[in-house]
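Working notes for the structure below.
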Amino acid sequence: MDNIISRQEVLSLPDRGPVNLLHFHQGMVLLIGADAIGLYRDRRAVDDPLANGLVGYEAIPEPLRSEFREPGGYVVEQVSGFIGLRSGAALFIRPDGVALYPRNLDALHNRDCCWLIPFPPLNA
């Protein structure tokens, strides 16, 4: 059992198209789309048109974007905070937030981070 991600959904959302939703045990949801990653406070926030509950949102650099493919969508691997993307890029769930790296090894060595979506303060 993964100690960070409780479950994953692959679905199509109105106005966003196909996405992966990774549900954290604590309730937050990580949305992986064709051109961006979003971190939300909970599943309801993903569907909120006013973006209430959006923690952070970052664009995926063009060279790191990939096509959606069934059955896994954009995700090819997900283990204990490491999320390998179909493009070869990787997301890593760090103590301070969710970071994007250009390659799997970069994530494992914490080098060449593209961006970080910080987690909200615990009392927020």
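Quick notes
- Subtracting the Cα-Cα distance of Ala34 and Asp47 from their residue separation scaled by 0.36 nm leaves 3.0 nm.
- Distance (nanometres) between label positions extended 7 Å along Cα→Cβ at Cys114 and Asp2: 1.8 nm
- Theoretical gain in end-to-end length, Asp15 to Glu67 [0.36 nm per residue, Cα-Cα removed]: 17.0 nm
- Listed peptides 63-71, 19-27, 102-110 by packing density, highest first (mean Cβ within 10 Å): 19-27, 102-110, 63-71
- The structure shown yields Cα extents along the principal axes in Å, and of the options (i) 44, 26, 25; (ii) 34, 32, 29; (iii) 31, 30, 28 that calculated value carries the label (ii).
All of the numbers you see were taken from the coordinates with simple rules; none came from a lab. Bear in mind the structure is a predicted one, so any value in this text is a computation, not a measurement. Glycine also receives a Cβ, built like all others from the backbone with ideal geometry; neighbour counts cover every protein chain displayed.
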